[in-house]
Amino acid sequence: MNIFSIPEGKYVDIGNVAGHPQRVHYHEQGSGEAVIFLHGAGTGASGYSNFKGNYPEFAAAGFRSIVPDLLGYGLSSKTEEPRQYDMDFFIAGVKGLVEQLGLKNITLLGNSLGGAVALGYALKYPEDVKSLILMAPGGVEEFEAYMAMPGIANMFNVYKSGKTGPEAMRAVMSMQVVDQALLTEEIINERAPIALTQTEASRQRLYIPNMTEQLPDLKCNVLGFWGMQDAFNPVGGADKLAKGIKNCRVVLVNQCGHWVQVEHREMFNRTCIDFMKNG
């Protein structure tokens, strides 16, 4: 019997990161070239909750879908150290997964924080990465630009209010999507129990560098998405991706907030699968 609010998948031990043994929880489906789905931050986040409407379609199209929980999130390890999460911490978690599963020529698909981790990983380990799919990635603005966004401000206000449980989860996520009907009871109830297990570090500032000047160093093919009504990451980041990365195209999506893979699921799945098959 599953005692968690999301389905329990597989686990892999990846050795020490930040001085502690770490274990990555992940879901897997399909066979073929590997695509790793990297979720965003926020309370209660997990790979399954972010991508349950996407990864089965990728598997059905002939790809090996691997959907981990980043360290500190979902059902992956939540150690008390480090006290502050940074890019090296998250990248080390993904690299450990890649090595333990023996993956080559991977596509990294990342939303928000996950997009920043995908960017950072591809810059650090370009030999591992065939292509990137980035949905409103972090890591292309200074910290102050993100803090000025209404969705981020709302999230920290909810944290400070002391609210917990489903009420707090809905308040945090209310600015994530344009159509509030997408915030189903199922999604709220998946995330709220996991939020209670997260460490303090996951609720504080995440130390993610501005990688804009390094974008020209990316040699792989890149597909980007950005919601025109994104309240968390400035839509001007789309222009930075398109101009900074040689082999890049970006899809701007109207009536879309910060969760394109949920808000425009069918278009997103279809466009990504075509990109991975045909470039």
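We did not get these values from a lab; they are worked out from the coordinates using the rules stated. Small disclaimer: the values here were computed from a predicted structure and weren't measured. Neighbour counts run over all protein chains shown; Cβ positions are idealised from the backbone, glycine included.
Figures for the structure shown
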read-out: Subset of segment 52-65 [among the hydrophobic types (A, V, I, L, M, F, W, C), surrounded by fewer than 24 Cβ atoms within 10 Å (Cβ to Cβ) and in contact with a helix residue (DSSP H, G or I) (Cβ under 7 Å, 6 or more places away or on another chain)]; value: A61, F63
read-out: Hey, V251 of a type outside the set (F, W, Y), touching a Ser or Thr at 6+ places or on another chain (Cβ under 9 Å) and closer than 16 Å to A118 by Cα or not; value: no
read-out: Test: K240 is assigned to a helix (DSSP H, G or I), charged (D, E, K, R) and surrounded by 18 or more Cβ atoms within 10 Å (Cβ to Cβ); value: yes
read-out: Residues of segment 1-14 classified as part of a strand (DSSP E or B) and of a type outside the set (A, V, I, L, M, F, W, C), total; value: 3
read-out: Residue in segment 112-128 that is buried (at least 24 other Cβ atoms within 10 Å of the Cβ) and farther than 21 Å from D217 by Cβ present; value: yes
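Residue by residue, here is whether (1) among the aliphatic types (A, V, I, L, M); (2) closer than 24 Å to T197 by Cα holds:
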| site | (1), (2) |
| --- | --- |
| A60 | yes, no |
| L71 | yes, yes |
| G74 | no, yes |
| L109 | yes, no |
| L113 | yes, yes |
| L119 | yes, no |
| A122 | yes, no |
| D128 | no, no |
